[in-house]
Structures are given as structure tokens and as C-alpha cells.
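The values are calculated or read from the model by the stated rules, or taken from the named source; none is laboratory data. This is a predicted model, so every value here is computed, not measured. Neighbour counts are summed over all protein chains in view; Cβ atoms, including those assigned to glycine, are modelled from backbone coordinates with ideal geometry.
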Amino acid sequence: MELSAAYVLHHRPYRESSLLVEVFSRDAGRVSLVARGQRQQSSKKRSVMQLFQPLWLSWFGHGELVTLKQVEADKPAYHLMGNASLCGLYLNELLVRLLPVHEAEPELFDAYQKALAALSQNENPQIVLRLFEKQLLAQLGYGLQLMWDVDTQQPLDDDTDYVYQIESGPHRSQNASVNVISGRSLRHLHEEQGFDEHSLRQIKGLMRSVINYYLGGMPLHSRQLFAGLNQFKHKA
């Protein structure tokens with residue numbers, strides 16, 4: 001692959017001087033690569049391989065693990081501070097955990113870049129995350145059914161509570177306590193506008209349940225960071 005637009009999602013030391021890097025490429029999707037000698041590079045060169053930095057990458061090799069050939073910065077990195085930085089880590093972890101390797105997802109790549117830009121501009125992070133989660137699920141073939149009652153095939157009613165059953169959709173609530181969400185909140189998510197504090201809280205609960213399902217119940221480290229930050233704020 002020659003000079004594909006990409007972002008680093010995660011990296012860790014490998015042997016004495018190299019890095020194992022997970023990247024999200026517009027042309028090849030998620031790619032695992034070895035960046036040989038990167039830990040011996042000067043600090044200026046090493047800083048290019050950072051999170052939220054638009055890059056041009058070239059690599060060679062076969063199989064799931066390839067070798068980095070060339071790296072260039074495309075434009076300035078997105079500066080995510082505080083809570084926005086944790087949101088960016090959450091997006092990266094979702095992509096590492098859910099994306100298959102070597103399957104191009106150009107629309108999702110554009111959505112990721114748009115989300116980083118929004119977070120860097122201090123847009124409402126709850127809306128940014130929910131819209132990205134929605135598109136990620138759709139691109140993976142797990143798109144949400146947000147328009148009609150599964151049982152009656154009638155349009156959802158704003159004032160009715162529904163139980164969202166994963167891989168099925170909304171059913172009229174029968175005193176359930178899990179995945180209950182109003183037709184109004186589902187409409188906000190479908191239309192991607194009109195959000196308020198109540199609908200965002202319900203949508204967050206729904207998306208968490210759906211993503212947990214497709215993760216097989218495995219916890220996300222970034223969520224643990226969020227929880228730790230919230231505990232710190234409450235104690236401060």
C-alpha cells in the first residue's frame with residue numbers, strides 16, 4: 001500500500017526498538033503493522049505516529065501483520081483535551097475491537113475524521129459519540145431499526161415507551177426495566193437532531209447495550225477511564 005490516509009488507533013512497544021501499531025486506513029480499513037525502529041527515532045519523527053494525527057502511510061507484506069514503510073503527517077493533529085481526549089480514546093477502542101482487518105470502510109473513515117473535528121471544536125460529546133456509534137453499527141451490518149414497532153409494523157409513537165430488542169427492534173413496553181426507550185428518543189436518533197438531556201440519556205443506555213452485545217460482554221478500557229474521571233470529579 002502506497003500513501004494511504006490513516007490514523008493511529010493504538011500502539012505499544014515491540015521488541016527492543018519497534019512498535020506494534022493498529023491503524024485505521026481509508027483504503028484498507030483496520031491494519032496491524034510493525035513500525036521497525038520507531039522507538040529509536042528522534043522525538044520529532046516519533047511524534048508523528050501519535051493518536052488523532054492525520055497521516056499518510058505506506059506498508060508492505062502479506063497476512064494480518066504488515067511492515068510500515070513510510071509515514072508522513074498530512075495536516076496538524078486534532079487537539080483533544082480532557083473529556084474530549086477520553087472520547088477520542090473510546091472511538092479508537094471501538095474501531096480496534098469491532099472492525100475486521102483489511103476491509104476498507106471509507107464512509108466510516110470520513111465519519112471518524114468528522115467526529116475528531118467535532119470533539120476538537122468542543123461540540124456536545126454525547127451527540128458526537130452517539131452518531132458515530134450509530135454509523136459504526138450500520139457499516140458493520142448491525143444497523144438499528146428506528147422507525148416502526150416490530151410487532152405492529154406501525155410508525156413509532158413519540159409518547160409510547162418501547163423495549164429495544166437487539167437484532168429485532170422496538171417492541172411496545174410491557175413494564176420492562178431494561179432497554180426501555182421512548183418513541184421520541186428513537187426518532188431523535190433516527191433523524192440525528194432534536195436531542196435533549198432526556199433523549200440523550202435514553203439513547204446512551206440503548207447504544208451501550210447494543211455495543212456490549214456485539215463486544216460479547218467484554219469491557220472497554222476507555223469506559224473504565226470515564227468512570228474513574230467521574231469518581232474523581234465527585235470527590236473533588
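Summary of values
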| quantity | calculated |
| --- | --- |
| Among (1) under 19 Å from the mean Cα position of the chain (by Cα); (2) within 25 Å of R97 (Cβ to Cβ); (3) touching a residue at least 24 places away in the same chain (Cβ under 8 Å), the one test that N179 misses | (1) |
| Some residue of the stretch 177-189 being exposed (fewer than 14 other Cβ atoms within 10 Å of the Cβ) and at pLDDT below 95 | yes |
| Matching option when the condition is out of contact with any Ser or Thr (no Cβ under 9 Å at 6 or more places or on another chain), surrounded by 15 or more Cβ atoms within 10 Å (Cβ to Cβ) and over 23 Å from S199 (Cα atoms), among E93, E105 | E105 |
| Every residue from the stretch 166-175 that is over 17 Å from A138 (Cβ atoms) and surrounded by fewer than 14 Cβ atoms within 10 Å (Cβ to Cβ) | Q174, N175 |
| Single residue of the stretch 47-66 satisfying the filter (of a type in the set (S, T, N, Q) and at pLDDT 95 or above) that is surrounded by the fewest Cβ atoms within 10 Å (Cβ to Cβ) | S58 |
| Long-range neighbours under 6 Å by Cβ, at least six apart or interchain, first residue free of Cβ contacts under 8 Å to residues at least 12 places away in the same chain within the stretch 1-27, second surrounded by 15 or more Cβ atoms within 10 Å (Cβ to Cβ) | R12/L20 |
